[in-house]
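Undergrad: Structure provided below as structure tokens; questions to follow.
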Amino acid sequence: KRAFEENYKLLKLSSIYDVASSFPTAIKTALYVMGTPVKPYARPPLMEEPADIVNAIKEVLKELGLHD
């Protein structure tokens with residue numbers, strides 16, 4: 001049962017890739033939102049995610065208990 005629950009969390013967490021513009025910016029934005037000391041932007045041609053995407057990532061992290 002616990003494995004099923006953890007798998008669900010991983011699947012939910014991977015949904016940030018669907019809302020972000022790219023894999024690197026999804027990861028960097030999630031880490032930044034969680035308080036990890038990373039810059040929320042990547043090198044060109046990638047750009048920082050807009051506020052609505054950051055908020056969507058925050059919501060996913062909140063659902064998983066990874067953000068206040």
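Undergrad: If residue 60 satisfies all but one of (1) touching a residue at least 24 places away in the same chain (Cβ under 8 Å); (2) in contact with a His (Cβ under 9 Å, 6 or more places away or on another chain); (3) assigned to a loop (DSSP other than H, G, I, E, B), what's the number of the condition it fails?
TA: Of everything listed in (1) touching a residue at least 24 places away in the same chain (Cβ under 8 Å); (2) in contact with a His (Cβ under 9 Å, 6 or more places away or on another chain); (3) assigned to a loop (DSSP other than H, G, I, E, B), residue 60 misses just condition (3).
Undergrad: A follow-up question, please. From the list 9, 28, pick out the single residue that is touching a residue at least 24 places away in the same chain (Cβ under 8 Å) and surrounded by 13 or more Cβ atoms within 10 Å (Cβ to Cβ).
TA: 9
Undergrad: Which one of these is surrounded by 12 or more Cβ atoms within 10 Å (Cβ to Cβ), modelled with pLDDT of 95 or more and among the small types (Gly, Ala, Ser): 56, 51?
TA: Unique residue meeting the criteria: 56.
Undergrad: Give the residues of the stretch 27-57 that are charged (D, E, K, R) and either in contact with a Cys (Cβ under 6 Å, 6 or more places away or on another chain) or closer than 13 Å to residue 17 by Cα (or both), sorted by residue number.
TA: 28, 49
The values are calculated or read from the model by the stated rules, or taken from the named source; none is laboratory data. Bear in mind that the values here come from a model prediction, so they are computed numbers and not experimental data. Neighbour counts are summed over all protein chains in view; Cβ atoms, including those assigned to glycine, are modelled from backbone coordinates with ideal geometry.
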